[in-house]
Structures are given as structure tokens and as C-alpha cells.
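Heads up, the thing below is written out as C-alpha cells.
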Amino acid sequence: MALFSKTKAAISPPPQKAAAAGTGYTGPYAKSSNNGGAAMVGVYYNYTEGEARNAAMSVPTVSRARDLIASVIGCMPLQMYSEMWNGDDMEKVPLAPRTWLRRIDPTVPNNFVLSWTFDDLFFYGRAFWYITSRTADGFPASYTRLPASMVQTLDQSGPVWFAPSKQIIFSGGELNPDDVVQFLSPIQGITSMSTQSVATALKLEAARYRNASSAIPAGVLQVQAGSEPLSSTELADLAASFNAARATNQTAALSPEVHYIETATSPDKMLLIDSAEFQSMEMARLCNVPPYLVGVSVGSYSYQSSSESRADLWTFGARAYADCIAGTLSQNNVLPNGSYVEFDVEGYLMGDYSERNDMAQPESYNEVQSQS
């Protein structure tokens, strides 16, 4: 028996060790029986952002709100920490960041990845990162963003998402959910929320465009009742001769049977200024951004200092999305248990991402809140 065991051990194949990086893809992302969608990851000419999203972005207020919040999310660096009990409360202890915190996707800057991750959360209520490589401990080492408009989930129909999906389809192929980091926004995406308001804004913009393209007659020549009726040719000749006379003379002359009536329509009415202002306010409400930040006048509140504006944009617009991103990246499928990720919020609120001015800036978010 001992001889047989030794012989069997000698001819047995050596144990196979799984690769530390990657998950067994061919090319950039290898294909497997339950991971066919991986073959389409990185095929950028197939990538689309979705027609509903592009239509909403054609509304100036939505575009401005999106760009404002994206500038906040994109400018703040990510940092890692752990927590330790100091006897009174939990204290944050800074940790050395993993390499991907500075280079989420090695092909593009973090500013790009984070801004477009927010874009997906803003318009669709969720976002997706595909894990392109792993470290020796099995945790992600790099990612690439998947456009949310190209992702379908067979176990959830939406537009409200209840949990990470276990059946993910990307560009027609299935993805292994263990290789996808799923961000679920606490706010429903605007492409499925208040769709009538977005449609109204689009129709209003179309009406303003039509009115801007049409010429407003300065006046109307009206033949008085009881006079001999004129043919269409005679009316056209009368209008043409009157216009020619107005272009060369400061004084116009008309016979008693013809009256000149000025047009009452003004350019501001033609361009629906009041309606556009109201609809801009509606879009600011939809995007959860203070109206004055998107150029809508709201009286005395329309003027704010730069620090107050940053605090308002962070509090009302960006914080929910930033907490969603940071919380998702702190889960155990991304980081070891007890490690967490957060945005450097104080740096943004104090203006450290740009050149400091000479005025004293608040030292914390709580100070900004107390001063605003």
C-alpha cells in the first residue's frame, strides 16, 4: 500500500494555483462560460450613454447642475482610514492608500472616472465598475467604468434598485457579478423621475427655437372696411412699397383707406422668457441644486460668498452621491474588513484644491455649516 501511494503521488498532476491578478480573461478581459460580457468590456466604439440621458443634457439647467456636481466629485481625492476606539468615541486612523485610490483606471485620470461615475448615478440611479485586475490577496487592483445605459439586470427591472444584482448583462453578454462593483444611488435617476418635467423643458426649448427662427412683423397694413378689396398681388406690392419707403424715408404716408397697426408681440414674449425662467426653477428642484447656482435669480439669496456656495453645493447636491461612492468602495468586496474610503471633503470646502486666497477659511465642514 505504501508503494502504491507513493507511485500515485508521483504521477499526479501538480496542484494548479490561481493567478493573483485578473480573473482568467483572454486579452484584456478573458471570456468564460458565465462571463461572456467581459469580451465587450473596453470595446469603446460600442459604448453609449443613452438617449434619455442625452436628451436631458440638452436642457441647459440640467447640464449646468450635472457639471457643477461632477466638478465636486471629480476634484476631491480619495483617502483610506480605519477606526479605533479611544475610550470616548471612534477615532479615524489614516491608512496608506492602495494603489488604485490614485489610479482607479490606469488609462484615465481619477477625475474622469469619478465624474462619469457620478453621471451614471445622477441619470440612472446606479453605476458599475468592472474589476480588470486583482492583487495577491484577491482584492481589486484596477477597474474600468461600464456605462450604466448599457447594463441590464435580469433580476431587477428598475427604475428603483433594491440591492446589487446577481444577473448582470453588458452589451448582450453576461458578467460575473463578483467582478463588478455596483454603486446604488440613494436618489432615483432623473431619466426615470419627473419625466414630464424634462419633457416639458424639451418642448419649451423647441418652441423657443421655432420662435427665434421666425421673423416678427413690425406692423400690419390694414385696408379699412368699405374700401375696394385688394388681391393678394396688390397687397404684396403695397407691403413691399411701404417697406421700401420706410427704409429710405423717415416719414411715411398712407391713404385714408389704409391703416398701419404696430405688432404688439415683443421679443421677450416670443422667446417665452417667463416660462423658461419657471422651467429652469423646476429643473433645479429636480436636480437637487440650489437655483442660484444654476443662474436662476431668487431674490436676495442669489448672492453668496464662494465658501457658502461650496457648502450649499456639497450639502444639497453632491454629498449624497459622494457618500454612495465612498460607502460602496468601503465594502468587503473592495477592501479588507475594517478599512474604509472617504473623500477629502474638508479640502474641497476650504478651497485647498485650488490656489488659496488671503482670507481665512473655515477649518471644517461643521464650521462652514455654522457660518452659512
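The values are calculated or read from the model by the stated rules, or taken from the named source; none is laboratory data. As the structure is a prediction and not an experimental result, all values here were calculated from the model. Note: areas computed on protein heavy atoms with side chains; ligands, DNA, RNA excluded. Shrake-Rupley method; radii C 1.70, N 1.55, O 1.52, S 1.80 Å.
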Exercise for the section: Heavy atoms only, probe 1.4 Å: what % of the accessible area of the range 66-225 goes to carbon and sulfur, would you let me know? Expected result: 55 percent
Fill in the blank from the handout: Of the convex hull enclosing the alpha-carbon atoms of the range 93-184, the direction-averaged projected area in nm² is 7.0 nm²
